[in-house]
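Peer 1: Got a structure for you, questions after.
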Amino acid sequence: MLIGKRGAATTALSTAEADRIEIRGRDLAADLMGSASFTAFFFFLTTGRMPTEAQRFFLDLALIAIAEHGLTPSVQAARMTYAADPAALQGAVAAGVLGCGTVILGAAREAFAAQTSLIKERLLSGTALASDETGLRVGKANWWLWVFHHGDSAAFVADAHRSKAVVETFLGAWRPDVWLSDRLGSQTGWARRDHQVCLAHLIRDVQYVVDQGDGVFAPALKGLLKRACAIGRRRADLADATLKSYLADLERRLNRLLALEPAHAAGRKLQKTIKAIRGNLFVFMTNREIEATNNGSERALRPGAVYRKITNGFRSEWGAKFYADLRSVIETGRRRSVRALDAIRLTLQGHPLPHAA
């Protein structure tokens, strides 16, 4: 299909006479037909010279690969979009991705689903788990992209719901000892022992109260939570005894804050909330399996948020669920020091992703 205006048709490659056709200075019948292979002629037609043996060999490889793969509709869509607007490369990429449906990617879905099942199996054999979700667009409906992860594994789930049913379906009868998430109701109440709330999310909520006018409780609490996050960043270099000492100090400071009497209604409400979740603030100080913030979930979900902004989502439920499996493979590969391309290749070959050394 022609993109843009049609120009005047001219060529300097060949000339035609009544008794001969000359191509780049050589007679078609006398010099080329019967003596040059198709690959050599293609190279000659493009460059004006005959290929070396090595050039002919590699061009043969390329032509065979192209002939086997074919020109898929998704490639055509990407090339046509790029030809129409070369400045919008992201639009061409999006057109190609959106054109990959069940016919093009359907054969790969089973392999990626199997790899995701192995990743999920490893997650459910541990004792800790973190989770989060972000918005996803499927057709004209709002969906959510969930991530469940810990250590070297991460499993994504695309679902039309943001409720506890999604978490329950993922976990089955298994429950972790400790859980890390924000304070969304659907992500709480799953740990058998401890639940660490994300302090970064909590600091953001505290800032809202500061902005509403509380100058007694919220500012001091924000400083305490930031101090806790700073300790969390240094935790790998700290001994258990040192962490125990820091924890006692944090608890003393929190006691003093909870004894304050905020004058602002928002401050009193926040203080009541902190009293209710006090046991979920500093779990990371005694359990090294869990972090102080849910930043790992945020980083894992960020490519999905970028993809949503570029493509505006998915046209089908199938595409959204396949994307979740694909993200499971790529993110887990990253955590296990496996390149994305290698992780995809191993998945399509039916091999499990290797564990980090």
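What follows draws every value from the coordinates through simple rules; no lab data is involved. Just so it is clear, the structure is predicted and the values come from calculations on it, not from any experiment. Here the Cβ is made from the backbone with ideal geometry for all residues, glycine too, and neighbour counts use every protein chain on show.
Peer 1: If you fit an axis through the alpha-carbon atoms of helix 89-98 and take the longest principal axis of the Cα set of the chain, what angle between them do you get, 0 to 90°, nearest 10?
Peer 2: Approximately 90 degrees, to the nearest 10.
Peer 1: Something else about it: Can you tell me the orientation of helix 38-47 relative to the chain, as the angle in degrees between its alpha-carbon axis and the longest Cα principal axis, to the nearest 10?
Peer 2: That works out to roughly 80 degrees.
Peer 1: Provide the convex hull volume over Cα atoms per residue for the range 209-357, in Å³.
Peer 2: Residue-normalised Cα hull volume stands at 173 Å³.
Peer 1: Can you list the aspartates and glutamates whose alpha carbon is less than 15 Å from that of K140, not counting same-chain residues fewer than 8 positions off?
Peer 2: Result set, ordered by chain and number: D159, E317.
Peer 1: Could you calculate the contour length gain from E121 to D237, that is, 0.36 nm times the residue separation minus the distance between their Cα atoms, to one decimal place in nm?
Peer 2: Stretched fully, the E121-D237 segment lengthens by 38.6 nm.
Peer 1: With the crude spin-label approximation of a point 7 Å out along Cα→Cβ, what separation in nm comes out for L184 versus N312?
Peer 2: My value for the distance between the label points is 2.4 nm.
Peer 1: Sum up the charges of everything whose Cβ sits under 12 Å from the Cβ of V178, counting Lys and Arg as +1 and Asp and Glu as -1, but leave V178 out.
Peer 2: That sum, taken over residues with Cβ under 12 Å, equals 0.
Peer 1: [x] 1.18; [y] 1.06; [z] 0.99: which one is Rg/Rh (Cα atoms, Kirkwood Rh) as calculated from this entry?
Peer 2: Of the listed options [x] 1.18; [y] 1.06; [z] 0.99, [x] comes from this structure.
Peer 1: Hey, with R₀ at 30 Å, roughly what FRET efficiency would K269 and K140 work out to, going by the Cβ-Cβ distance, to 0.05?
Peer 2: E(calc), rounded to 0.05, equals 0.25.
Peer 1: Please give the per residue volume of the convex hull enclosing the alpha carbon atoms of the range 240-325, rounded to a whole number of Å³.
Peer 2: Taking only Cα atoms, the range 240-325 has a hull volume of 164 Å³ per residue.
Peer 1: Along the Cα→Cβ direction, 7 angstrom out, place labels at M50 and H351. What is the inter-label distance in nm?
Peer 2: For M50 paired with H351, the spin-label model returns 4.3 nm.
Peer 1: May I pose another question? To the nearest 10 degrees, how steep is helix 240-258 against the longest Cα principal axis of the chain, on a 0 to 90 scale?
Peer 2: 70 degrees
Peer 1: Another question, if that's okay. Provide the descending list of Cα extents for the range 199-285 along its principal axes, expressed in whole angstroms.
Peer 2: 40, 22, 18
Peer 1: Right, another one. Scan around H161 for amide H atoms under 5 Å from its own, H built in the peptide plane at 1.01 Å from N, and keep only partners 5 or more places away or cross-chain.
Peer 2: Here the answer is W144, since their amide H atoms fall under 5 Å of that of H161.
Peer 1: Run the numbers for E22 and A173: contour at 0.36 nm per residue of separation, minus the present Cα-Cα distance, in nm.
Peer 2: 46.6 nm
Peer 1: Shifting gears a bit: What is the spread of the Cα atoms of the range 14-69 along each of their three principal axes, largest first, in whole Å?
Peer 2: Principal extents (Cα only, largest first): 40, 23, 19 Å.
Peer 1: In nm, to one decimal, how far is the A67 label point from the R288 one, both placed 7 Å along Cα→Cβ?
Peer 2: According to this spin-label approximation, the distance is 6.0 nm.
Peer 1: If you take every DSSP beta bridge whose two residues both sit in the chain, what share of them, in percent to the nearest 5, is antiparallel?
Peer 2: Within the chain, antiparallel bridges account for around 70 percent of the total.
Peer 1: Okay, moving on. Looking only at N287, N255, N142, which one moves most when the chain is put into a Gaussian network model with springs between Cα atoms under 10 Å?
Peer 2: In the Gaussian network model the winner is N255.
Peer 1: Would you mind getting me the FRET efficiency between S35 and A114? Use the beta-carbon distance for r and R0 = 45 Å, nearest 0.05.
Peer 2: 0.30
Peer 1: Ranked highest first by average number of other Cβ atoms within 10 Å, how do 233-244, 146-157, 116-127 line up?
Peer 2: Sorting 233-244, 146-157, 116-127 by mean packing, highest first, produces 146-157, 116-127, 233-244.
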